[in-house]
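> Below: one structure in C-alpha cells.
The values are calculated or read from the model by the stated rules, or taken from the named source; none is laboratory data. Treat the numbers as computed from the prediction; the structure is a model and nothing was measured. Glycine also receives a Cβ, built like all others from the backbone with ideal geometry; neighbour counts cover every protein chain displayed. Please note that ligands, DNA and RNA were not included when accessible areas were found on the heavy atoms of the full protein model with its side chains. Shrake-Rupley method; radii C 1.70, N 1.55, O 1.52, S 1.80 Å.
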Amino acid sequence: MLLGLGLVLLLILLALGTWQVQRLHWKEGLLQTIDQRTHSVPRPLAEVEREFASTGDVDYTPVTVSGTFLHSGERHFYATWEGEAGFNVYTPLALDDGRFVLINRGFVPYDLKDAAKRAKGQVTGEVTVTGLARNPLLAKPSMMLPDNDVAKNIFYWKDRDAMAASAGLPAGATLVPIFIDADKTPNPGGLPVGGVTIIDLPNSHLQYAMTWYGLAAALAAVLILRLRRPAKDE
C-alpha cells in the first residue's frame, strides 16, 4: 500500500514539474511579447482597436489618443507605488466621435484620493495621451480579492463596465473596449504620477520546476531502495 501511495505521489510531483516547465515557456513568450510591444512606435487608437477586434489582445501596445478628460468621473483603483499605498486614477477621456476611453492617469497617495486636493492635475481642454493599451478583464482575477466598493469609489479589480457605469457618463455613451495606461509624462502639480504599468513580471517557474523534479527524484530513490530491500534480506 505504501509503495502504491509512493508511486501516486511520484506521478503528482512529475506532473507538477512538467506543468511548471509549460508555465516557464508561456512566461518567456509573454515577456518577449511585452518587450517587443513596449519598444514599438505608438499607434493611433483606431488601429489598436482594429487589432483588438481581430485578436482580442493588445496588452502593452503603445497607443496615442486625443480628447477631453471628464474629471468628475474619475474612478479609483487601489494600488501601491514605490512602497506607498494609494490609488491609480482612471479618468474617462471624451473622444471627438462621442465615445469614451478610460485612462489610467497614474498614482496618487491614499490621502490625496480627493481630486480637490490635487486640483493642478485636473487638466482642462483637449489633451493628447500616449501610453500602453491594456486588455479588459472578463471577471475578477482572484477570489482572494475584495469586491469592488462602487459606492465609495474604491476598486480592487479593474471592472471596466462597473467603472464606466458609475462614472456619470452621458446616457447612451459608448466605451472603447480597452484601457490605456498613461506614460510617465508629468502632470501639472506632479499628480497623478504616470507610467505605473508593471512590465517587469516575475518569472520563477524554472526554480519551481527544479523543486518539484528534485522532490520526485528523491522520492524515486526512496522507492527504488524499498523495492530492492526484500532481495537483500533473502
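> Label-point separation (nm) for residue 53 and residue 142, each offset 7 Å from Cα along Cα-to-Cβ?
3.6
> Leaving ligands and nucleic acids out of the surface, order 184, 158, 117 by accessible area at 1.4 Å, largest first.
Order by accessible area, largest first: 184, 117, 158.
> Dipole size in debye (nearest 20) for the chain around its Cα centre, Lys and Arg Cβ +1, Asp and Glu Cβ -1?
620
> Using 0.36 nm per residue, how much length does the chain from residue 119 to residue 26 gain when fully extended, once their Cα-Cα distance is taken away?
Here the segment from residue 119 to residue 26 would lengthen by 29.1 nm.
> Percent relative contact order of the stretch 61-182, based on C-alpha pairs within less than 8 angstrom and at least six residues apart?
Normalised by residue count, the contact order of the stretch 61-182 is 34 percent.
> Determine, from the Cβ-Cβ distance of residue 185 and residue 12 and an R0 of 41 Å, the FRET efficiency 1/(1 + (r/R0)^6), rounded to the nearest 0.05.
Given R0 = 41 Å and the Cβ-Cβ separation, E is 0.25.
> Sticking with this one: Quickly rank 1-14, 205-218 as a protection proxy: mean count of other C-beta atoms within 10 Å, highest first.
Top of the packing list down: 205-218, 1-14.
> What does the accessible area of residue 52 come to, in Å² to the nearest 10, when a probe of 1.4 Å is used?
Result for residue 52: roughly 40 Å² accessible.
> How much of the accessible area of the stretch 61-182, probe 1.4 Å, is carbon plus sulfur, in whole percent?
55
> Dipole size in debye (nearest 20) for the stretch 61-182 around its Cα centre, Lys and Arg Cβ +1, Asp and Glu Cβ -1?
About 40 debye.
> Still on this structure, I have one more. Quick one: helix 205-233 against the long Cα principal axis of the chain, what's the angle to the nearest 10°, folded into 0 to 90?
10
> Now for a different question. From largest accessible area down, sort 197, 185; use a 1.4 Å probe on the protein chains.
Result, largest first: 185, 197.
> Provide the solvent-accessible area of residue 72, counting protein heavy atoms only and rolling a 1.4 Å probe, rounded to the nearest 10 Å².
The accessible area comes out at roughly 100 Å².
> DSSP loop (so not H, G, I, E, B), at most 16 other Cβ within 10 Å: list which GluC sites (Glu not before Pro) in the stretch 8-115 pass both filters.
Sparse-neighbourhood loop GluC sites (Glu not before Pro): 82.
> Also, I was wondering about something else. Mind checking the per residue accessible area of the chain for me, 1.4 Å probe, whole number of Å²?
58
> Multiplying the sequence separation of residue 199 and residue 35 by 0.36 nm and subtracting their Cα-Cα distance, what value in nm do you get?
Gain in length upon complete extension: 58.2 nm.
> Would you count, across the chain, every pair of lysines whose alpha carbons are under 29 angstrom apart, provided the pair is eight or more residues apart or spans two chains?
18
> Moving on. Which sequence of 65, 41, 123 reflects their accessible areas, 1.4 Å probe, from the largest down?
41, 123, 65
> Is the shape of the stretch 61-182 best called rounded, prolate or oblate, per the rule: a/c under 1.5 gives rounded, else a/b larger than b/c gives prolate, else oblate, with a ≥ b ≥ c the square roots of the Cα gyration tensor eigenvalues?
Here the stretch 61-182 falls in the rounded category.
> Only one of the values (i) 116; (ii) 171; (iii) 131 was calculated from this structure for volume of the Cα convex hull per residue in Å³; name its label.
The value matching this structure is (ii).
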